[in-house]
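Each reported figure results from applying straightforward, stated rules to the coordinates on display, with no laboratory input. Please read all numbers here as calculations on a predicted model, not as lab measurements. FYI the Cβ positions are ideal-geometry reconstructions off the backbone, even for glycines, and counts take in every protein chain you see.
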Amino acid sequence: MSGMEQLLVENRVFNPPKAFAKQAAITSMEQYNAMCKAFEKDFNGTWGRLAKENLHWKKPFTKVLDESKAPFYKWFEDGLTNASYNCIDRNIKNGLAKKTAIIFEADGGEVTKVTYQELHDRVATFANGLKKLGIKKGDRVVIYMSMSIEGVVAMQACARIGATHSVVFGGFSAKSLQERIVDVGAVALITADQQLRGGKALPLKTIADEAIDLGGCEKLKHVIVYKRTGGDVPMKAGRDKWMHDVSAGQSKVCEPEWVSAEHPLFVLYTSGSTGKPKGVQHSTGGYLLWAMLTMKWTFDLRDSDVFWCTADIGWVTGHSYIAYGPLACGGTQIVFEGVPTYPNAGRFWEMIQRHKVSIFYTAPTAIRSLIKASDTDANVHPNKYNLKSLRLLGSVGEPINPEAWMWYHKNIGGEKCPIVDTFWQTETGGHMITPLPGATPLVPGSCTLPLPGIMAAIVDEAGGDMPNGQGGILVVKRPWPSMIRTIWNDPDRFVKSYFPEELGGKLYLAGDGAIRNKDTGYFTITGRIDDVLNVSGHRMGTMEIESCLVANPLVAEAAVVGRPDDMTGEAIVTFVVLKGKRPTGDDAKKIATELRNWVGKEIGPIAKPKEIRFGDNLPKTRSGKIMRRILRVLAKGEEVTQDVSTLENPAILDQLKEAS
Ligand code: ATP
Ligand code: MG
């Protein structure tokens, strides 16, 4: 049996705890199936009902879905709404004015809280200030800030006046920032003097100045600066203003700009794991609807919850599950400025204890690095903290390997919290395939089943359905409200990338490979389409070999790529980070042999890596994803000439150039 088949008959099944199921929004598989049926019977009617029930409409829509210009789908188009009204004002009207909206914890540990009323006042005054500068509906505003209440205020204020925001992750360079300002045609940039991460102050404003000086930003008239540290920054007269000055003296009343549900709420560039980032354009109504529904269905959000999504607002996860979803549902959430390893690798656990977090949502890359840290330093092991407040855990961003899943379940969830392994993308706007915590029996390493209304399927290279048990290409057969509307400035690339001719032009192509279990129909993501290896005619997902390596007690992280090989078609090259020190010389040779034998024994001799290279880390995108496209170049022994602007740690490439 191959490793992938083993993964699929993974016999550890975790049923939803009874107490959890009893109170959940979706309490059983019967209920889940009934919801799916409702969509099958009346697709438009069901979406229309949910949109009416969940969003405030200034003017109701008369048509749910317009497919006349497919794949440029339109949802609820003639309905008028406003995202900021739905996230803030509506909650105040419903009696939540005094409820805490955001608990902000700064890098250094200071805690600041805002209620829904306070958030409203900050958003309204800033929105009025933006209007006074002449920024209006349809304008684009780039936001280049670190995690802060002000970052959320900036996004909400743009939404309030109908300006389309484009958030650029604060870790990006001047060049990456400039490219995005130019591509999106921004009239204003909102940034901060400095950002604090792990005790270090980083000069955001200076980088922003450098970006603008690179040229092409002629449309940009205003640079608005949030004073975070009070560090010394040059301000350019006429162009630059302090954020507090923009808000000062403005009215707390700001009538929202009522926009069509199709109005672009934001453009967000993908993380660049596979190529040049794409400016993904999202809508207002359909996007917000799905952010809300997934908060309710996947996260089972309750009034009393303290929700913490550790993503940055620079990524889609920080849009849907920080800036919009939790607020639209009237929730209380944590916003965290710092990094998981400062002042030590117990920071996340300490914060869960301090704020009594009940729902915790993070990425496999963070989990794996904290496993490594707690293995070497018992003081930061989660068992040193009181994590009893937790009732639900989530994972996003990459496949979570079963070993990390088990560790998360045992050490963080105390074996009582369901884990929702949420598969989705910048392009999908919200979760697509994920367990429902009160209903779905969990299997480590599987994102289980599509959410109701999401018609996910697996097809072959010609778009034909694949039977369960056979791997293929993940697609979505019907549109859904929060889907990408287009690639900003590049509708052709939108059609080519996501609705390719080869698959018939009607299927949404996610770009990931997947396989469904023969018995349960559960989905397992096997990696990006181009990460499927063909060794001597055997097709294998890179993910299966990686999971196997990470299951070895020596290994912290592993990435697998293919390299053309005369004998076998493709040869497996593996990049490994050990829990201990990076081995060299004979040590490296010895451990490489050991790991090769391990893979041979666990999966089969065919999966034995031809080559193993050791590094202190792996090349990662700024959102922490392994950049396999770079590893493929290194594996071939070639120079890296590709776009590495989204790479977090370019210095690591040198270590990985040669076989140990
Ligand atoms: P680019 O599209 O520029 O290459 P990216 O795909 O990394 O970048 P994102 O939209 O941030 O940009 O990430 C979406 C991808 O992340 C998915 O297509 C999938 O490969 C991976 N992913 C996210 N969540 C999961 C999950 N729960 N399980 C498996 N893979 C996941
Ligand atoms: Mg992608």
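With the dipole of the chain worked out from charges on the C-beta (+1 for Lys and Arg, -1 for Asp and Glu) around the Cα centre, which of T274, N128, N386 lies farthest toward the positive end?
Sorting the options by dipole projection puts first N128.
Taking only C-alpha pairs under 8 Å that are 6+ residues apart, what is the relative contact order of the stretch 536-656 in percent? Walk me through the numbers before you get to the answer.
Values: 180 pairs, mean separation 29.3, N = 121.
Relative CO of the stretch 536-656 lands at 24 percent.
Between D654 and N468, what is the label-to-label distance in nm when each label sits 7 Å out along the Cα-to-Cβ direction?
So the two model labels end up 5.2 nm from each other.
Report, to the nearest 10°, how far helix 174-184 tilts away from the longest principal axis of the Cα atoms in the chain, using its own Cα long axis and a range of 0 to 90°.
Once rounded, the angle reads 60 degrees.
Relative to the first principal axis of the alpha-carbon coordinates of the chain, what is the inclination of helix 285-297, with its axis defined by its Cα atoms, in degrees from 0 to 90 and to the nearest 10?
60
Quote to one decimal, in nm, the extra length available between D492 and W258 on full extension: 0.36 nm per residue of separation minus the C-alpha distance between them. Write down the numbers at each step before the final one.
On the way: separation 234, 0.36 × 234 = 84.24 nm, distance 2.97 nm.
Full-extension gain reported as 81.3 nm.
Which value, in debye to the nearest 20, gives the size of the charge dipole of the stretch 447-498 about its Cα centre, when Lys and Arg are +1 and Asp and Glu are -1 at the Cβ? Walk me through the intermediate numbers first.
Details: 5 positive and 5 negative charges, 46 e Å.
The calculated dipole for the stretch 447-498 is roughly 220 debye.
For the chain, what is the convex hull volume of the alpha-carbon atoms per residue, in Å³? Write down the numbers at each step before the final one.
Values: hull volume 98.2 nm³, N = 660.
So the per-residue hull volume is 149 Å³.
Find how much the distance from T229 to I606 grows on full extension, using 0.36 nm per residue of separation minus their present alpha carbon separation; answer in nm with one decimal. Present the calculation step by step, with values, prior to reporting the outcome.
Details: separation 377, 0.36 × 377 = 135.72 nm, distance 5.53 nm.
Gain in length upon complete extension: 130.2 nm.
For the stretch 536-656, what size does the Cα cloud have along each of its three principal axes, sorted from largest down, in whole Å?
The Cα atoms of the stretch 536-656 stretch 38, 33, 26 Å along the principal axes, largest first.
List S247, S389, S623 from most exposed to least, where exposure is judged by having the fewest other Cβ atoms within 10 Å. Before the final figure, lay out each step's value.
On the way: S247 22, S389 16, S623 25.
Listing S247, S389, S623 from fewest to most nearby Cβ atoms yields S389, S247, S623.
Within 10 Å, Cβ to Cβ, of P17, how many net charges do the neighbouring residues add up to if Lys/Arg are +1 and Asp/Glu are -1? Before the final figure, lay out the partial values.
On the way: positive: K18, K22, R391, K416; negative: E415.
Result for the local shell: +3.
Going by how many other beta carbons lie within 10 Å of each one, how would you line up R613, R49, R528, fewest first? Walk me through the numbers on the way to the answer.
Values: R613 21, R49 13, R528 18.
By the 10 Å Cβ count, ascending, the order reads R49, R528, R613.
Can you give the % of DSSP beta bridges in the chain that are antiparallel, to the nearest 5? Walk me through the intermediate numbers first.
On the way: 54 of 93 bridges.
Counting DSSP beta bridges with both partners in the chain, the antiparallel share is about 60 percent.
Using the beta-carbon distance between L214 and K99 and R0 = 41 Å, what value does 1/(1 + (r/R0)^6) give for FRET efficiency, to the nearest 0.05?
Details: r = 44 Å, r/R0 = 1.07.
Efficiency, from the Cβ-Cβ distance: 0.40.
Under the Karplus relation 6.51 cos²θ - 1.76 cosθ + 1.60, θ = phi - 60°, what is the ordered set of whole-Hz ³J(HN,Hα) values for the stretch 382-399, x standing for Gly and Pro?
Running phi through 6.51 cos²θ - 1.76 cosθ + 1.60 with θ = phi - 60° gives x, 5, 7, 10, 8, 10, 5, 5, 5, 10, 8, 10, x, 9, 7, x, 8, x Hz.
Taking the Cβ of L119 as the center, what net charge do the other residues with Cβ under 12 Å away carry, scoring Lys and Arg +1 and Asp and Glu -1? Before the final figure, lay out each step's value.
Working: positive: K98, K99, K113, R122, R160, K252; negative: D89, E118, D121, E150.
Summing Lys and Arg as +1 and Asp and Glu as -1 gives +2.
With a cut-off of 15 Å, note down the residues of the stretch 348-369 whose backbone N falls inside the zone around a label point 7 Å from the Cα of D377 toward its beta carbon.
348-351, 369
Amide H neighbours of V223 under 5 Å, counting only residues 5+ apart in sequence or on other chains, H built in-plane at 1.01 Å?
L189, D240, K241
State the extension gain, in nm to one decimal, for the chain segment bounded by V644 and A248, taking 0.36 nm per residue of separation less the distance between their alpha-carbons. It would help to have the intermediate numbers written out before the result.
Details: separation 396, 0.36 × 396 = 142.56 nm, distance 4.09 nm.
138.5 nm is the gain from fully extending V644 to A248.
So what are the ³J(HN,Hα) numbers for the stretch 36-50, from phi and the Karplus equation (6.51, -1.76, 1.60; θ = phi - 60°), rounded to whole Hz, Gly and Pro as x?
4, 4, 4, 5, 5, 6, 8, 4, 5, x, 5, 4, x, 4, 5
I'd like the trypsin sites (Lys or Arg not before Pro) in the stretch 51-143 restricted to DSSP loop residues with at most 15 other Cβ atoms within 10 Å, sorted by number.
Working: sites: K52, K58, K63, K69, K74, R90, K93, K98, K99, K113, R122, K131, K132, K136, K137, R140; in loops: K58, K63, K69, K98, K99, K136, K137.
Within the stretch 51-143, the qualifying trypsin sites (Lys or Arg not before Pro) (loop, at most 15 other Cβ atoms within 10 Å) are K58, K63, K69, K98, K136, K137.
Counting other C-beta atoms within 10 Å, and keeping those with at most 13, which DSSP coil GluC sites (Glu not before Pro) do you find in the stretch 86-123? Walk me through the numbers before you get to the answer.
Working: sites: E105, E110, E118; in loops: E110.
Passing both the DSSP loop test and the Cβ count: E110.
Place a +1 charge on the Cβ of each Lys and Arg in the stretch 470-607 and a -1 charge on the Cβ of each Asp and Glu, then give the dipole magnitude about the Cα centre in debye, rounded to the nearest 20. Don't jump to the answer; show the numbers that get you there.
Details: 18 positive and 18 negative charges, 78 e Å.
Here the size comes out at about 380 debye.
Take each of the peptides 355-366, 459-470, average the number of other beta-carbon atoms within 10 Å over its residues, and list them starting from the highest.
Details: 355-366: 21.7, 459-470: 12.9.
So the order, starting with the most tightly packed, is 355-366, 459-470.
In Å, what Rg and Dmax follow from the Cα atoms of the stretch 47-131?
Final numbers for Rg and Dmax: 17.4, 53 Å.
With Cβ to Cβ distances under 13 Å as the rule, what net charge do the other residues near M147 carry (K, R +1; D, E -1)?
Numbers: positive: R197, R228; negative: E105, D107, E150, D312, E337.
Taking every other residue near M147 into account, the sum is -3.
Loop only per DSSP, at most 16 neighbouring Cβ atoms within 10 Å: give me the GluC sites (Glu not before Pro) in the stretch 546-642, ordered by residue number.
E638, E639
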